[in-house]
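Input: a single structure, listed below in structure tokens.
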Amino acid sequence: MNVSNIKNSQVSPSEGFREAFTLHLADNALIMGHRNSEWCGHGPILEQDIAISNIALDLIGQSRNFYQYAAQLFNQSTNQPINLATEDSLAYLRDVRDFKNCLLVEQPNADWAQSILKQFFFSTYQYYLYQQLQNNKDEQLKAIAAKALKEVTYHVRWSSEWVIRLGDGTEESKKRSLKALDELWMFTGELFEPAFYETTMNIDFVLLKEGWTKKIRSVFEEATIDIPVENKWHQTGGKIGDHTEHLGFILAEMQFLQRAYPNSEW
Amino acid sequence: METNQETIFQDKVDHEIKIEPKDWMPEKYRQTLIRQISQHAHSEIVGMLPEGNWITRAPSLRRKAILIAKVQDEAGHGLYLYSAAETLGISRDEMYDQLHTGKAKYSSIFNYPTLTWADIGAIGWLVDGAAILNQIPLCRTSFGPYARAMVRVCKEESFHQRQGFELLLTLSQGTDAQKQMCQDAINRWWWPSIMMFGPNDDASPHTAQSMKWKIKRFTNDELRQKFIDMIAEQVKVLNMRLPDADLKWNEERKHYDFGKINWEEFWQVVGGNGPCNKQRLDARKKAWADGAWVREAATAYAEKKASLNPSKGGTSETV
Amino acid sequence: MILLRKFYYGDYGESKLGSSSDNETSSSPSGAGGEWPLWEVFIRSKQGLDHKHAGSLHAVDAAMAIENARDVYTRRMEGVSIWVVESKHIHASNPDDAGALYDPANDKAYRHPTFYNLPDAVKHM
């Protein structure tokens with residue numbers, strides 16, 4: 001695969017934007033799914049262990065669809081590909097600086113409150129984004145988004161119910177919810193700041209943010225949590241490869257076998 | 001009256017009529033079932049750990065999805081089994097408590113470590129393979145809820161062994177390093193997996209009550225032999241060896257002969273001296289303790305809601 | 001009676017071997033709130049069929065029970081509709097009454113169509 005095509009330091013106008021955008025969608029889903037899967041076997045109760053693993057499976061499924069499409073785009077655009085891109089080469093052989101996921105999804109699980117809130121922020125964002133993508137001109141993206149939207153609808157429902165339960169549950173759960181909010185809020189702004197490759201994808205970020213904020217507001221209200229004041233300053237950069245340190249550890253673990261035993265079939 | 005009840009009970013069992021939770025049953029039958037079902041459930045839950053720790057390291061997205069689905073299935077199986085035991089009048093919390101305090105056991109196989117990716121294949125092929133042989137007869141066990149849970153488990157379990165074998169097959173056709181990894185995993189998991197069937201039939205005297213009650217239908221040695229005969233053939237497809245110099249087809253018996261099992265090791269691992277006993281139990285205890293505030297919060301919230309709107313009780317739709 | 005000691009998958013009896021880890025510390029079984037209630041799950045596998053008992057699970061309320069049932073019991077497309085009912089609300093007949101309740105139906109063969117012999121010439125009946 002010609003990695004230079006997907007470097008974040010893209011210069012030529014709009015060339016490779018679609019590829020980068022598809023990768024961004026894939027990376028988001030993969031890293032979030034990866035984090036969810038860390039819960040498998042360690043959840044607070046068996047039923048919820050199964051529930052969060054289901055979400056992990058949905059997200060990894062989404063990432064595979066996006067990676068496969070991205071691979072197809074790369075292989076078409078490269079005249080003489082040395083190595084054909086595949087879903088796995090894209091997931092397992094790029095380094096931190098080439099990953100385009102939002103900072104939010106790479107944040108550690110910490111406790112159930114933080115995982116839940118992260119899921120709620122992310123799924124709500126995915127929900128409104130996929131709704132728009134359903135009408136995208138790109139047939140593939142449109143199809144993937146339409147299929148994923150059903151899954152995401154459930155993720156929003158599941159996570160918002162938990163946000164409410166924890167926010168309006170016990171003193172302890174409220175305390176943990178507020179702490180989670182404190183940790184995660186600064187990573188939410190990035191969701192609505194378009195990266196260069198998103199500018200030509202026909203996404204209305206104002207509308208996206210509006211829908212998201214409205215949903216967060218109504219769920220927080222029920223959860224008896226005050227929504228933080230709009231902060232001009234947000235942590236950004238994930239979309240263009242400026243990550244927090246957490247991503248490196250995720251990749252080190254995730255990519256270990258592919259790196260240690262190159263050119264192997266698994 | 002008691003003897004009469006007992007006769008009716010045994011008569012039902014003899015005639016393959018399932019015993020249901022509210023039916024009269026001997027107290028010992030109830031106790032035996034609770035112990036067996038809950039320990040089976042614990043095995044599923046603890047069994048999630050050795051495989052689960054490879055989810056984040058799975059070498060391809062396809063393998064990652066398969067592994068999550070499989071480990072998640074095990075959570076489901078644990079849940080079905082706990083539910084079956086709950087019909088006998090014990091709560092899941094009590095069963096957890098027995099696990100966490102070391103009173104209840106779980107399958108000893110899960111006290112071995114998963115060191116390489118090939119171990120995930122070996123567990124699927126050998127450990128799940130052995131489990132399935134144990135589990136299929138349980139679908140006809142005399143206690144209804146247990147039998148029904150096992151039907152569901154067996155139905156779902158069938159992909160587990162296949163994915164394990166497929167994983168090893170891929171390694172066996174791969175690079176030298178992968179082949180080595182594959183053989184090494186088989187070497188390490190073979191003996192523990194044949195120990196899963198338990199001690200020899202004549203090793204320690206005890207009553208055959210469970211056979212009479214049709215909780216169990218085949219002896220350990222019968223099942224073990226069946227397993228060995230099966231695996232000894234399948235390993236050829238992988239082009240690998242089983243680590244037993246004495247393994248040989250016996251034309252007279254129409255079975256494979258095999259070497260001596262190290263029962264000392266078996267009892268040591270059962271007794272807590274396996275490589276991972278402490279680690280596994282600690283992980284379970286930690287998950288349970290860390291989840292306490294979550295469970296409490298959900299309860300508190302539900303109670304709050306129910307008191308605000310008692311008629312609706314939190315339900316969403318009518319039927 | 002044959003003397004055998006049976007060991008089952010995952011069952012090593014109640015040997016007092018104990019594990020190497022601290023046996024004496026027992027975390028409180030359920031936490032302050034107690035165990036989540038038990039629910040029975042009924043699933044309609046496809047349109048046109050009855051809901052059938054699938055199993056049970058724990059949940060704090062009906063909404064969560066339905067979602068848990070979806071995640072636990074329909075992972076392989078086993079259903080299109082779910083009913084849940086809290087287990088304590090199920091009323092059951094007493095198995096001790098089984099004789100009085102069900103045996104009397106035993107000798108009423110005339111309720112079944114096969115009881116009646118009709119000439120072969122009669123079709124569609």
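The values are calculated or read from the model by the stated rules, or taken from the named source; none is laboratory data. Given the structure is predicted, the values throughout are model-derived calculations rather than measurements. In this analysis, Cβ positions are derived from the backbone assuming ideal geometry, glycine residues included, and neighbour counts consider all displayed protein chains. These accessible areas exclude ligands, DNA and RNA; they are computed on the full protein's heavy atoms, side chains included. Shrake-Rupley method; radii C 1.70, N 1.55, O 1.52, S 1.80 Å.
Table for the structure above
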item: Fluctuation leader among B:S91, B:S108, B:S193 - chain B, Gaussian network, Cα springs under 10 angstrom; result: B:S91
item: Solvent-accessible heavy-atom area per residue, rounded to whole Å², over segment B:42-185 at 1.4 Å; result: 23
item: Label-point separation in nm, C:D107 to A:S264, each point 7 Å along Cα→Cβ; result: 7.5
item: Segment A:3-260, accessible area per residue, ligands and nucleic acids excluded (1.4 Å, Å²); result: 40
item: For chain B, calculated [θ]222 nm from helices alone, where every DSSP H run of n ≥ 4 adds -39500 (n - 2.57); result: -20500 deg cm²/dmol
item: Minimum 30 Å² accessible area buried by the other protein chains, segment A:231-255 residues, probe 1.4 Å, relative to alone; result: A:E253
item: Per-residue average of Cβ from other chains inside 10 Å of A:170-177; result: 4
item: Kirkwood Rh, angstrom, segment C:35-99 [1 / mean 1/r, Cα pairs]; result: 12.5
item: Accessible area in square angstrom per residue, segment C:27-125, 1.4 angstrom probe; result: 66
item: Gained length - C:H51 relative to C:A100, 0.36 nm times residue gap less alpha-carbon distance; result: 14.9 nm
item: Charged-residue dipole, Cβ positions (Lys, Arg, Asp, Glu), chain B about Cα centre, Debye nearest 20; result: 760
item: Inter-probe distance in nm under a simple model that places probes 7 Å from Cα toward Cβ, at B:Q268 and C:H89; result: 5.5
item: Protein heavy-atom accessible area occluded, A/B pair - total, 1.4 Å probe, Å²; result: 4000
item: Interface size B-C, as summed buried accessible area [1.4 Å probe, Å², nearest 100]; result: 5500
item: Chain A: most fluctuating residue of A:I203, A:I240, A:I45 per GNM, C-alpha cutoff 10 Å; result: A:I45
item: Accessible-area composition of chain B, carbon plus sulfur, in percent [1.4 Å probe]; result: 54
item: Extension reserve of the B:A306-B:Q31 stretch, reckoned as 0.36 nm per residue once the Cα distance is removed; result: 95.4 nm
item: Separation in nanometres of the label points that stand 7 Å from Cα toward Cβ, at C:A121 and B:K286; result: 8.5
item: Percent accessible area from carbon and sulfur atoms, segment A:3-260, protein chains only, probe 1.4 Å; result: 52
item: Dipole of the protein assembly as shown [Lys/Arg +1, Asp/Glu -1 at C-beta], most positive-end residue of A:A146, B:S158, A:P228; result: A:A146
item: Pairwise burial C:A, computed as accessible area of each alone minus the pair, summed, 1.4 Å, Å²; result: 1100
item: Descending Cα extents along the principal axes, segment A:3-260, whole Å; result: 61, 41, 32
item: Axial C-alpha extent at least 24 Å, average Kyte-Doolittle at least -1.0 - helices from chain A (DSSP); result: A:17-37, A:46-77, A:112-133, A:139-167, A:205-222
item: Most fluctuating residue given options B:V270, B:V71, B:V237, as computed from a GNM of chain B linking Cα atoms under 10 Å; result: B:V237
item: Whole-percent pair-distance distribution, where bins are 5 Å wide, for the alpha carbons of segment B:112-265; result: 2, 9, 16, 19, 19, 16, 11, 6, 2, 1, 0
item: Shielding by other protein chains, C:67-80, mean Cβ within 10 Å; result: 5
item: Listed residue (A:A20, A:N83, B:Q72) projecting farthest to the positive dipole end of the protein assembly as shown, Cβ model; result: A:N83
item: Under the Debye formula (equal points on every Cα, no solvent term), log10 I(q)/I(0) of the protein assembly as shown at q = 0.09, 0.10 Å⁻¹; result: -0.88, -1.05
item: Segment C:35-99, accessible surface, carbon-and-sulfur percent (1.4 angstrom probe); result: 53
